[in-house]
Amino acid sequence: MKELVEVIAKSLVDNPDQVVVTETEKGDELLVELRVASSDMGKVIGRQGRIAKAIRSVVKAASSKSDKKVVVEIL
């Protein structure tokens, strides 16, 4: 999941070198944290959070084969 979020985020932002994705596993939950430059935050979140919601939907669809719940946080 880390690679998927990283590819999506890097394609959206102006500073792809500042995209940092970390993955933490807690029991049956997988936490994916996305950090981008402050100037790119709006591009990743989108108007009314639409792009952030779309990223979460894609990750949820990709993780449907596994038994883990995947949570994407944008920091």
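The values are calculated or read from the model by the stated rules, or taken from the named source; none is laboratory data. Since the model is a prediction, treat every value here as computed from it, not as a measurement. Every residue, glycine among them, receives a Cβ derived from its backbone with ideal geometry; neighbour counts consider all protein chains shown. What goes into the accessible areas is simple: the full protein's heavy atoms, side chains included, and nothing from ligands, DNA or RNA. Shrake-Rupley method; radii C 1.70, N 1.55, O 1.52, S 1.80 Å.
Points to keep in mind about this one:
- Residues satisfying the stated conditions in the range 61-75, i.e. part of a helix (DSSP H, G or I) and closer than 12 Å to residue 5 by Cβ: 62
- Qualifying positions in the range 28-39 - closer than 27 Å to residue 68 by Cβ and either of a type in the set (S, T, N, Q) or in contact with a Lys or Arg (Cβ under 9 Å, 6 or more places away or on another chain) (or both): 28, 29, 30, 32, 36
Conditions tested, residue by residue: (1) open to solvent by less than 50 Å² (accessible area, probe 1.4 Å); (2) assigned to a helix (DSSP H, G or I); (3) polar (S, T, N, Q); (4) touching a Leu at 6+ places or on another chain (Cβ under 9 Å).
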{"residue": "7", "(1), (2), (3), (4)": "no, yes, no, no"}
{"residue": "10", "(1), (2), (3), (4)": "no, yes, no, no"}
{"residue": "23", "(1), (2), (3), (4)": "no, no, no, yes"}
{"residue": "34", "(1), (2), (3), (4)": "yes, no, no, yes"}
{"residue": "40", "(1), (2), (3), (4)": "yes, yes, no, yes"}
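- All positions within the range 17-29 that are within 12 Å of residue 2 (Cα to Cα), more than 12 Å from the chain's Cα centre (by Cα) and not β-branched (Val, Ile, Thr): 25
- Summed over the range 23-66, the residues that are without any contact (Cβ under 8 Å) to a residue 24 or more places away in the chain and touching a strand residue (DSSP E or B) at 6+ places or on another chain (Cβ under 7 Å) give a count of 5.
- Residues located in the range 40-55, provided they are in contact with a Gly (Cβ under 9 Å, 6 or more places away or on another chain) and either over 16 Å from residue 71 (Cα atoms) or of a type in the set (Gly, Ala, Ser) (or both): 52, 54
- Considered as a group, the residues in the range 42-74 that are open to solvent by 90 Å² or more (accessible area, probe 1.4 Å) and under 12 Å from the mean Cα position of the chain (by Cα) include one that is farthest from residue 12 (Cα to Cα), and that residue is 60.
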